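Undergrad: Handing you a structure now.
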Amino acid sequence: MNQLLMRPTTRRQETRTAARILRDRANTTRATRRAVRAVATGTPQAASTHLTAAGLSPTDAHRFSGAFSRSVTPTTTGTGVIKLKGRVTKTVPVKLYDTAAFNARLAVYRPKDTAAASRFAQAAHRLAA
């Protein structure tokens, strides 16, 4: 029997795990709230912002936003900042979508991953209602 699997967890490990879970929940809630507020203003937003506001987790939204916006013509374009190695940042063009264009794309887009596809279907159903 593997001794590493039988070792009990320590109080410190449990505290670190609980702190990590709480930190992740706070970051997710903060990102979702920020996205909902941005979309509610009515100005065109990036696909990841719309996906987060629609109910997907921020990590899923960032993961699928590139494929989601690949074949859609943007409402307008803007600029965003990405972080490179070290302290270097770079300004890049960003596709921005209004709510109508986003909802039309969300109604038909489904990723190949079945779990993610079901989350996209739920988000589309919520927005259609």
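Each reported figure results from applying straightforward, stated rules to the coordinates on display, with no laboratory input. Computed from a predicted structure; not experimentally measured. Every residue, glycine as well, gets a Cβ built from its backbone with ideal geometry; the counts of neighbours run over all protein chains shown.
Undergrad: Please compute the contact order of region 45-129 in relative form: average sequence separation of alpha-carbon pairs under 8 Å and at least six residues apart, divided by the residue count, as a percent.
TA: The value is 30 percent.
Undergrad: With every atom except the alpha carbons ignored, what do you get for Rg and Dmax of the chain, in angstroms?
TA: Gyration radius and largest Cα-Cα distance of the chain: 18.7, 60 Å.
Undergrad: Considering the options PHE102, HIS62, THR41, tell which one lies farthest towards the positive end of the dipole of the chain, charges being +1 on Lys and Arg and -1 on Asp and Glu at the Cβ, about the Cα centre.
TA: HIS62
Undergrad: Nearest 10 degrees is fine. How inclined is helix 11-40 to the longest principal axis of the chain, computing both from alpha carbons?
TA: Taking the Cα atoms of the chain, the angle to 11-40 is about 10 degrees.
Undergrad: Where the convex hull is taken over the Cα atoms of region 31-99, what is its projected area averaged over directions, in nm²?
TA: Directional mean of the projected Cα hull area for region 31-99 stands at 4.9 nm².
Undergrad: Counting pairwise Cα distances across region 82-129, what percent come out greater than 14 angstrom?
TA: 64
Undergrad: Can you list the lysines whose alpha carbon is less than 16 Å from that of LYS95, not counting same-chain residues fewer than 8 positions off?
TA: none
Undergrad: Of the listed peptides 53-63, 73-83, what is their order by residue-averaged count of other C-beta atoms within 10 Å, with the highest listed first?
TA: 53-63, 73-83
Undergrad: Starting from the Cα-Cα distance between THR41 and THR77, subtract it from 0.36 nm times their residue separation and give me the gain in nm to one decimal.
TA: Taking 0.36 nm per residue and subtracting the Cα distance, the gain is 11.3 nm.
Undergrad: Per-residue HN-Hα couplings for region 100-114, Karplus 6.51 cos²θ - 1.76 cosθ + 1.60 at θ = phi - 60°, whole Hz, x for Gly and Pro?
TA: Along region 100-114, the couplings run 5, 5, 5, 5, 5, 6, 5, 5, 10, 7, 9, x, 6, 5, 5 Hz.
Undergrad: A follow-up question, please. With everything on Cα atoms, drop me the angle between helix 58-68 and the longest principal axis of the chain, reported from 0 to 90° to the nearest 10.
TA: Here the helix axis deviates by roughly 40 degrees.
Undergrad: VAL94's amide H: which non-local residues (gap 5+, or another chain) put their own amide H closer than 5 Å, with H modeled 1.01 Å from N in plane and none for Pro or chain starts?
TA: Hits under the 5 Å cutoff: GLY78, THR79, GLY80.
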